[in-house]
Amino acid sequence: MILIADSGGTKVDWCLVEGLDVISRIKTPGMNAMMLSEEELAQRVNDEVVAELPADADIDRVYFYGAGCIGPTIDKVTEALSKNFKKAKVEVASDLLAAARSLCGNHPGIACILGTGSNTCYYDGEKILKNVPALGYILGDEGSGAVLGRLLISDVFKNQLPESLCKKFKERYELDIPTVVQRVYREPFANRFLASVTPFLLENIEEPAIHRLVLNNFKSFFIRNISQYADFRNHKINVTGSVGWYFKDVLREAADAMDCTLGTVTPSPMEGLLEYHCKKG
């Protein structure tokens, strides 16, 4: 049996596979490996995953793809998983490699994540050859849910949107300035809080001010990230993640404006990862 995990900024999607059959799927809260100790990771995997798997699951391989899984963090996550799956061969890699394998398989291409955070890479069919640094929602993450949420909340409280939209937003989320400051600057997981208001953008996307906010942020995503890849105009831009999926019409509009070609767009990497690993065996 193979256990595949796709860990994003908000949730982790776990999938247990035997042959070509999906045995079990589990969703758990996001695990940012850079912010948790090995012991905390091991305990969470035990409590949230192992306890939910079939008792007779004989797992021989674990593939964990996660936000923050780079450098020494890979060793930390590998040890945490090995404590729970003692018989299994464990492979830990970044969520960006998950996107590349899911979207491109064994073929070269540009792969992107547009979810709570954002990231991009050029992939040669085996490994990532180039990555424009994402830099997180404060310094980068253009096109992400966190940045869209940050822009929306800022525009609401600085009265940059029509009064009716500002009123509608405040009534919907019951937010005031002290609450926003508390959630963004004094509590953990500000990125998740910011991304949580993106449904308002989707529900009001026909409003010119909202459409413009989303479109301009996606244009910034293409300008500041995609345009740095050599010959990017001759490659399809493949995207996975909830923001890319739900806003794909505006994303395509931005791609066209930037002379880019949008390729495959999926809500999550998991289906592509299942195909990649089951085919690989």
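The values are calculated or read from the model by the stated rules, or taken from the named source; none is laboratory data. All values derive from a computational prediction rather than experimental measurement. Note that we place each Cβ from the backbone using ideal geometry, even for glycine, and neighbour counts take in every protein chain shown. Quick note on the areas: whole protein, heavy atoms, side chains included, nothing else; ligands and nucleic acids left out. Shrake-Rupley method; radii C 1.70, N 1.55, O 1.52, S 1.80 Å.
Here the condition is being small (Gly, Ala, Ser) and either under 24 Å from Thr116 (Cα atoms) or in contact (Cβ under 8 Å) with a residue 40 or more places away in the chain (or both); of Ala33, Ala51, Ala55, it holds for Ala33 alone. Kindly indicate whether Val62 is part of a strand (DSSP E or B), in contact with a Phe, Trp or Tyr (Cβ under 6 Å, 6 or more places away or on another chain) and either modelled with pLDDT under 90 or closer than 21 Å to Leu97 by Cα (or both). Criteria met by Val62. For the stretch 8-55, the tally of residues that are modelled with pLDDT of 90 or more, more than 21 Å from Lys76 (Cβ to Cβ) and not in a strand (DSSP E or B) stands at 0.
Scanning the stretch 166-193 for residues that are closer than 16 Å to Ile210 by Cβ and hydrophobic (A, V, I, L, M, F, W, C), which turns out surrounded by the fewest Cβ atoms within 10 Å (Cβ to Cβ)? Going through the qualifying residues, I end up with Cys166. Name every residue in the stretch 79-102 that is open to solvent by 30 Å² or more (accessible area, probe 1.4 Å) and either of a type in the set (Ser, Thr, Tyr) or in contact (Cβ under 8 Å) with a residue 40 or more places away in the chain (or both), in order of residue number. The answer is Glu79, Ser82, Lys83, Asn84, Asp95. Residues in the stretch 125-165 that are part of a loop (DSSP other than H, G, I, E, B), open to solvent by 50 Å² or more (accessible area, probe 1.4 Å) and within 24 Å of Ala93 (Cβ to Cβ): Glu126, Lys127, Asn131, Pro133, Leu135.
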